[in-house]
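Worksheet: the structure to be examined is printed underneath.
Read-outs throughout are calculated quantities, based only on the coordinates presented, and are distinct from any laboratory measurement. No experiment lies behind these values; they were computed from the predicted model shown. All Cβ positions, even for glycine, are placed from backbone atoms using ideal geometry, and neighbour counts span all protein chains on display.
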Amino acid sequence: MKENNVRVAVVQSSPILFNKASALTKIESWTKDAAAQEAKLIVFPEVFLSGYPRGMFLGTRVGSRNSNGRKDWERYLESSIFIPGSDTDILGAIAKESGVYLVIGVVERDSEFSKSTLYNSIVYFGPDGSLLGKHRKLMPTGAERLLWGQGDGSTLTVIVTPFGKIGGLICWENYMPLARAAMYAKGIDILITPTADARDTWQATLQHIACEGRCFVVSGNQFVTKDTYPKDLACYEEISQEPDILSRGGSAVVGPLGEYIAGPLYDREGLIVADLNMSLVTQSRYDFDVVGHYSRPDVFQLHVNEKKQGIVRFL
């Protein structure tokens, strides 16, 4: 029987950049704090493990890259994780200890071919510690394409929980109407939107998506200060003139009619907690169901390729 209520928590924090141990320590600590407040679903921001190198260009100019940038990128790769792997075992144990659903933005390292491509991913764990699935960002935005490869349709993951279906799109993937439509068609009840966007326009996006999808939208962003960047980075001078606060946050939870349930939280590290009445999802679709009675399949159709893509097949 479906549960009508769930308490969710969103973590707004940041690890030491490119430092896996720092990220894992903070994930464990914040998860315990949220579980102590009886949260059953806990969400961490985009690439919380092991950081979003905001403000850096890693020695890149149009037409060239320098050796310092290559050194910092190698450091980023070494702080990434395999899915599954020993680090997901640790994360699963953290979820199990607190008995929660844990959703974390991570830098994932390719485990199949070169082991040298990184992905911006969401990873999902169940309250029994099991690895439930992952999602790879389909289209890194702008200069992010120097860091991460493109995901494919095989990880448009939706997880069935006792309180409804959860799944996520990362940051500006949420500006892709067809990606949103695919998630709506999978019956999403809680759309998780880890982000690195702290602008006011992101809040308008959250409210629009909640109204459009008639679902709860849970968005986590990092609160980042310059002192979380190791001063021994090869390209540290790239952020030397940046302000002390590099990301002000903006984590929020929005209801299925576009109203704020919690947040947005700005200018500090913190935890936002919200109680979601899942009956409101059903009630909100009385007058608008984007993939149901308000759709026009005779006019518009979407075809989604969920096959895993790869450059090599061994027969």
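For region 147-193, just say rounded, prolate or oblate: build the C-alpha gyration tensor, square-root its eigenvalues into a ≥ b ≥ c, call rounded for a/c under 1.5, and beyond that prolate if a/b exceeds b/c, oblate if not. Walk me through the numbers on the way to the answer.
Values: a/c = 1.95, a/b = 1.68, b/c = 1.16.
Prolate.
Ranking Val107, Val254, Val160 by Cβ neighbours within 10 Å, fewest first, what do you get? Before the final figure, lay out the partial values.
Numbers: Val107 25, Val254 28, Val160 13.
If I rank by nearby Cβ atoms, fewest first, I get Val160, Val107, Val254.
Please figure out what share of the DSSP beta bridges in region 179-276 is antiparallel and state it in percent, rounded to the nearest 5.
Values: 10 of 14 bridges.
Counting only bridges with both partners in region 179-276, antiparallel ones make up about 70 percent.
Given +1 on the Cβ of Lys and Arg, -1 on the Cβ of Asp and Glu, and no further charges, what dipole in debye does region 5-284 carry about its Cα centre, rounded to the nearest 20? Provide the component values of the computation, followed by the final result.
Working: 27 positive and 31 negative charges, 84 e Å.
Using only the charged Cβ atoms, the result is roughly 400 debye.
When Phe163, Phe113, Phe216 are ordered from fewest to most other Cβ atoms inside 10 Å of their Cβ, what list results? List each step's numbers first, then the result.
Details: Phe163 20, Phe113 10, Phe216 27.
Going from least to most buried by this count: Phe113, Phe163, Phe216.
Counting other beta carbons within 10 Å of each Cβ, put Asp275, Asp87, Asp227 in order, fewest first.
Values: Asp275 13, Asp87 21, Asp227 9.
Sorted ascending by nearby Cβ count, the order is Asp227, Asp275, Asp87.
Give a quick list of GluC sites (Glu not before Pro) in region 203-299 that DSSP marks as loop, anything other than H, G, I, E or B, with at most 14 other Cβ atoms within 10 Å. Each step should come with its number before you reach the end.
Values: sites: Glu212, Glu237, Glu238, Glu259, Glu269; in loops: Glu259, Glu269.
Qualifying residues, ordered by number: Glu259.
Taking amide H positions as placed 1.01 Å from N in the peptide plane, with prolines and chain starts having none, which residues 5 or more places from Ala262, or on another chain, fall under 5 Å of its amide H?
Counting only residues 5 or more places away or on other chains, the set is Val253.
Would you kindly derive the ³J(HN,Hα) couplings of region 220-229 from the backbone phi angles with the Karplus curve 6.51 cos²θ - 1.76 cosθ + 1.60 (θ = phi - 60°), listing them in order in whole Hz, with x for Gly and Pro?
Couplings: x, 10, 7, 9, 10, 10, 4, 6, 8, 9 Hz.
I'd like the trypsin sites (Lys or Arg not before Pro) in region 1-49 restricted to DSSP loop residues with at most 13 other Cβ atoms within 10 Å, sorted by number. All intermediate terms of the calculation are to be shown ahead of the outcome.
Numbers: sites: Lys2, Arg7, Lys20, Lys26, Lys32, Lys40; in loops: Lys2, Lys40.
When the trypsin sites (Lys or Arg not before Pro) of region 1-49 are filtered for loop state and at most 13 Cβ neighbours within 10 Å, Lys2 remain.
On a 0 to 90 degree scale, rounded to 10, what angle separates helix 67-78 from the longest Cα axis of the chain?
50
For region 5-284, what proportion of DSSP beta bridges, expressed in % and rounded to the nearest 5, is antiparallel?
Details: 37 of 52 bridges.
Antiparallel bridges: around 70 percent, rounded to the nearest 5.
Using only Cα atoms, tell me the angle between helix 20-36 and the longest principal axis of the chain; keep it within 0 to 90° and round to the nearest 10.
30
In whole Hz and in residue order, list the ³J(HN,Hα) couplings for region 39-52 that follow from phi through the Karplus curve 6.51 cos²θ - 1.76 cosθ + 1.60, θ = phi - 60°; x for Gly and Pro.
With coefficients 6.51, -1.76 and 1.60, one gets 6, 10, 10, 10, 10, 10, x, 4, 5, 4, 10, 10, x, 10 Hz.
Considering amide H positions built from the backbone, and no H for Pro or chain starts, which residues 5 or more places from Met278, or on another chain, come under 5 Å of its amide H?
Residues meeting the amide H criterion: Asn5, Val6.
Treat every Asp and Glu Cβ in region 1-131 as -1 and every Lys and Arg Cβ as +1, leave all other atoms uncharged, and give the resulting dipole magnitude about the Cα centre to the nearest 20 debye. Show your work: numbers first, answer last.
Details: 15 positive and 15 negative charges, 102 e Å.
With only Lys, Arg, Asp and Glu charged at Cβ, the dipole is about 480 debye.
Does anyone have the angle between helix 200-213 and the longest principal axis of the chain? Alpha-carbon axes, 0 to 90°, nearest 10?
Roughly 40 degrees, rounded to the nearest 10.
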